[in-house]
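The structure under discussion appears below in the form of structure tokens.
The values are calculated or read from the model by the stated rules, or taken from the named source; none is laboratory data. What you see is a predicted model; the values in this text were computed from it and never measured. So basically every Cβ, Gly included, is an ideal-geometry build from the backbone, and we count neighbours across all protein chains shown. Note: accessible area is taken over every heavy atom of the protein model, side chains too, but ligands, DNA and RNA are not part of it. Shrake-Rupley method; radii C 1.70, N 1.55, O 1.52, S 1.80 Å.
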Amino acid sequence: MKSRLLCGAMAIGWAVTMSAGALAQTGNSSDAAVEAAADQNDNVIVVTAQLREQNILDVPQAVQAIGATELKNSGVESLADVIAMIPSATTGSTISAGSNTFQIRGVAAAETDGDSTVGFYLDNFAFSLPGRPYAPSVDFYDMERVEVLRGPSGTLYGLGSLGGTIKILTAQPDLVDAQLSTRISANITDGGEPGAAADMMVNVPLIEDRLALRGVVSYQMIGGYADVLPTGKRNGNDANNFTGRVKLLAVPTDTLRVTLSAWHNRSNQDFSNRITFVDPPVLDQTFGVADSKYTLLSGDVELDLNFATLSSTTGYIKNTVIVNNGGFIPGIGDFAAFWPLRTKNFSQDFRLTSQGNGSLQWLIGAFYQNGETKGGQSVSLYDFPVNDQMGLGTFNDNRLKSEAFAIYGEGTYSFFDDVVDLTVGGRYYREKRRFDENSSLTFLEDDVVIPTIGTDRATNDTINPRFNIAIHPSGNGMVYFEVAKGFRSGAITSSSIIAAANSALGTDFSNSSPPDTLWNYEAGLRWSFLNDDLNASLSVYQFDWADAQIELSPTLQSIVVPVGDVRGRGIDAEINWRTPLDGLRLQVSGNTNETELRDVIPEVAAALPWVSNGRQLPGTAKHTLSVSGSYVMPVGEWDLGVHGRYSYRSRQQSIFDGRYAPWSGLGSMRVTLSRDDLEVALFSDNIGNSGRPISVPGGQNQIPYPRTIGISFEKKF
């Protein structure tokens with residue numbers, strides 16, 4: 001059945017590719033001109049990290065931009081691939097496509113619970129799930145670029161940007177030219193089932209120079225690779241992903257731009273990406289599904305007021321993650337877990353940004369958010385001992401509501417003929433949270449149920465400043481110094497789970513935690529050499545994270561509580577080199593850090609020794625490295641390209657039980673033959689077929705997807 005679906009998907013994709021030319025035959029010359037212009041100017045990278053367009057070399061922050069060409073050549077298909085390219089960033093945990101957690105610069109807090117320590121933006125919309133740390137599931141076909149800000153961005157980006165911010169920017173509609181592109185791919189998997197994918201982009205100018213529509217559809221079938229022990233099913237954890245997004249751009253006047261966007265993403269997986277045994281990959285589970293979906297609607301309005309630009313971003317998201325599974329976990333025993341989570345979130349952001357090239361540049365804004373997450377994890381642990389009995393169960397169907405507003409602003413003044421830039425900014429944030437609890441604790445042996453029904457409320461506010469000074473001793477570079485504060489909302493945890501955890505630890509945690517804050521102190525430089533062919537950046541930082549909210553699982557159920565302080569010190573570095581050999585580009589980036597726990601609550605350290613003073617914070621890696629290269633040479637009317645990427649991460653400890661995932665190194669390669677309207681590519685991901693765990697969450701293992709070897713065809717019209 002799987003083979004027939006695979007063949008059918010490839011046939012449909014190829015038929016669409018071959019028959020679609022009539023829709024956009026006039027677009028070829030325009031596409032070629034655009035690509036040529038991009039090639040001539042690809043040393044100038046424009047980013048919006050400071051909510052205004054700037055050359056990346058003028059941004060006095062640790063900012064990384066990954067453009068459309070680099071994303072494609074590097075074989076980026078998911079946010080996890082992007083994370084592997086970011087200095088200091090690692091994957092913390094995954095269950096399925098819609099339940100991944102990541103950390104940047106050692107600011108790691110959770111595998112499944114609590115608010116994220118990384119801010120995520122889909123275009124200008126803040127992807128935020130109250131009480132959950134999950135990143136968005138994204139397909140990367142027809143992307144414009146990804147921007148990564150390392151370090152807290154609490155002034156401009158607000159909630160959750162403790163460790164950094166990731167902005168995923170999709171391509172804008174073209175108001176002039178009709179465009180159509182399609183791509184199909186298929187792969188074989190070492191020890192697993194084959195996979196396939198199909199993508200399509202269409203751009204239609206509805207009114208030339210005034211109105212255009214751009215749409216993207218992507219579908220992916222991912223072959224399973226882990227056998228299911230109880231049932232004997234081979235390759236049982238197969239999955240499929242669908243993404244559809246559309247943008248409507250209207251420019252009714254020369255001073256007004258309106259962009260309306262809609263996204264829908266869906267992922268369905270049998271069992272999950274958490275493997276019981278690694279070599280060979282085996283799932284000791286009797287049942288399992290890991291499904292997720294979200295629908296996002298957003299609108300952006302930009303009005304040119306001559307002296308400033310007034311911008312508005314309005315968005316609404318509905319997100320669902322359902323993870324149900326049961327079986328056996330070594331060290332835990334038999335279990336059954338049911339975990340539905342449903343989130344709704346509305347947000348509104350207004351910004352007024354100065355224009356012109358005067359000495360003073362400024363920005364002021366206001367932000368409002370109203371959202372809720374409903375659900376929780378209900379678990380039966382049949383082999384867990386409690387008070388001379390065997391078996392513990394929990395039920396959770398809770399609702400967390402969050403309503404927040406913020407006002408923020410930032411100004412930059414240039415002195416001494418633009419040699420020195422002084423930036424001062426701040427954000428005031430106030431949030432009300434309400435936790436409606438409907439939970440229970442069950443002693444399975446005696447079938448004794450202890451219910452908890454009630455409501456908890458918390459109101460918190462915080463002021464988050466930023467101070468930055470940048471010095472431009474020449475036109476080729478700058479040095480900057482920054483002090484900035486980030487913050488994250490306080491968690492509210494089920495009373496029954498907190499009570500059980502306090503009993504196990506001998507602590508007295510409240511089920512409502514105050515926000516945690518992080519101060520970052522940083523010095524960095526950006527410099528270009530060899531007529532901008534060689535660009536380098538370096539940043540040295542220290543952060544102090546007070547009363548860090550960390551996820552603990554003393555009774556195998558998660559609580560998020562302030563366990564102590566964290567101090568982190570590190571160095572980030574990036575080098576991008578367009579070499580003297582025509583067509584050869586190299587990139588290297590890396591990080592080394594010490595992120596240590598301090599002043600940990602003694603009872604926590606005694607019960608969970610991996611969470612004790614002087615230890616590297618679990619969920620973080622001391623060293624990361626990413627190396628990539630791309631070589632393109634003409635072969636007649638075609639271009640032959642060879643593209644490779646390797647990422648390394650030192651060992652990383654699980655916050656769940658203190659186990660270590662060993663060091664990990666993953667490589668990928670693509671060989672392409674392309675011309676203006678067609679590309680054929682041979683590719684291999686995890687080319688060394690590494691099976692070393694990336695992380696070891698929840699007593700289980702997350703391993704890299706096994707080696708794939710595949711071919712893809714892309715046609716542009």
Pairs where the first residue, in region 555-581, is over 30 Å from residue 504 (Cβ atoms) and the second is open to solvent by less than 20 Å² (accessible area, probe 1.4 Å) and of a type in the set (A, V, I, L, M, F, W, C), C-beta under 7 Å, 6+ apart:
572/62
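Residue-wise test of (1) under 22 Å from residue 299 (Cα atoms); (2) acidic (Asp, Glu); (3) assigned to a loop (DSSP other than H, G, I, E, B); (4) touching a helix residue (DSSP H, G or I) at 6+ places or on another chain (Cβ under 8 Å).
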site: 338; (1), (2), (3), (4): no, no, no, no
site: 366; (1), (2), (3), (4): yes, no, no, no
site: 385; (1), (2), (3), (4): no, no, no, no
site: 394; (1), (2), (3), (4): no, no, no, yes
site: 408; (1), (2), (3), (4): yes, no, no, no
Are any residues in region 116-128 within 25 Å of residue 458 (Cβ to Cβ), in a loop (DSSP other than H, G, I, E, B) and either open to solvent by less than 10 Å² (accessible area, probe 1.4 Å) or touching a Leu at 6+ places or on another chain (Cβ under 7 Å) (or both), and if so, which ones?
117, 128
Single unsatisfied condition, residue 498 versus (1) open to solvent by less than 50 Å² (accessible area, probe 1.4 Å); (2) within 30 Å of residue 381 (Cβ to Cβ); (3) touching a Ser or Thr at 6+ places or on another chain (Cβ under 7 Å); (4) not acidic (Asp, Glu)
(3)
Condition check: in a strand (DSSP E or B) and in contact with an Asp or Glu (Cβ under 7 Å, 6 or more places away or on another chain). Does residue 473 satisfy that?
no
Sole miss for residue 219 among (1) touching a residue at least 40 places away in the same chain (Cβ under 8 Å); (2) not in a strand (DSSP E or B) is condition (2)
Leading residue by the ranking (nearest to residue 114 (Cα to Cα)) among those in region 155-172 that are open to solvent by 10 Å² or more (accessible area, probe 1.4 Å) and either charged (D, E, K, R) or out of contact with any Ser or Thr (no Cβ under 7 Å at 6 or more places or on another chain) (or both):
156
Name the single residue that is farthest from residue 557 (Cα to Cα) among those in region 416-450 being free of Cβ contacts under 8 Å to residues at least 40 places away in the same chain, open to solvent by 70 Å² or more (accessible area, probe 1.4 Å) and in contact with a Leu (Cβ under 9 Å, 6 or more places away or on another chain).
434
Looking only at region 518-550, which residues are within 19 Å of residue 613 (Cα to Cα) and either open to solvent by less than 60 Å² (accessible area, probe 1.4 Å) or hydrophobic (A, V, I, L, M, F, W, C) (or both)?
518, 542, 543, 544, 545, 546, 548, 549, 550
Can you tell me which residues in region 275-312 are assigned to a loop (DSSP other than H, G, I, E, B), within 30 Å of residue 696 (Cα to Cα) and hydrophobic (A, V, I, L, M, F, W, C)?
278
Mind listing whichever residues of region 173-221 are β-branched (Val, Ile, Thr) and open to solvent by 40 Å² or more (accessible area, probe 1.4 Å)?
176, 188, 202, 204, 207, 217
Report yes if some residue within region 533-548 is without any contact (Cβ under 8 Å) to a residue 12 or more places away in the chain, over 24 Å from residue 618 (Cβ atoms), out of contact with any helix residue (DSSP H, G or I) (no Cβ under 9 Å at 6 or more places or on another chain) and part of a loop (DSSP other than H, G, I, E, B); otherwise report no.
no
Looking at region 625-645, can you tell me whether even one residue there is at positive phi and exposed (fewer than 15 other Cβ atoms within 10 Å of the Cβ)?
yes
Within region 676-691, work out how many residues are surrounded by fewer than 18 Cβ atoms within 10 Å (Cβ to Cβ), part of a loop (DSSP other than H, G, I, E, B) and at pLDDT 95 or above.
4
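Does residue 363 qualify as being modelled with pLDDT of 95 or more, more than 22 Å from residue 402 (Cα to Cα) and either surrounded by fewer than 20 Cβ atoms within 10 Å (Cβ to Cβ) or of a type in the set (Phe, Trp, Tyr) (or both)?
Criteria not met by residue 363.
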Sole miss for residue 261 among (1) hydroxyl-bearing (Ser, Thr, Tyr); (2) touching a Lys or Arg at 6+ places or on another chain (Cβ under 8 Å); (3) assigned to a loop (DSSP other than H, G, I, E, B) is condition (3)
For residues in region 619-658 being of a type outside the set (S, T, N, Q) and modelled with pLDDT under 95, which is farthest from the chain's Cα centre (by Cα)?
636
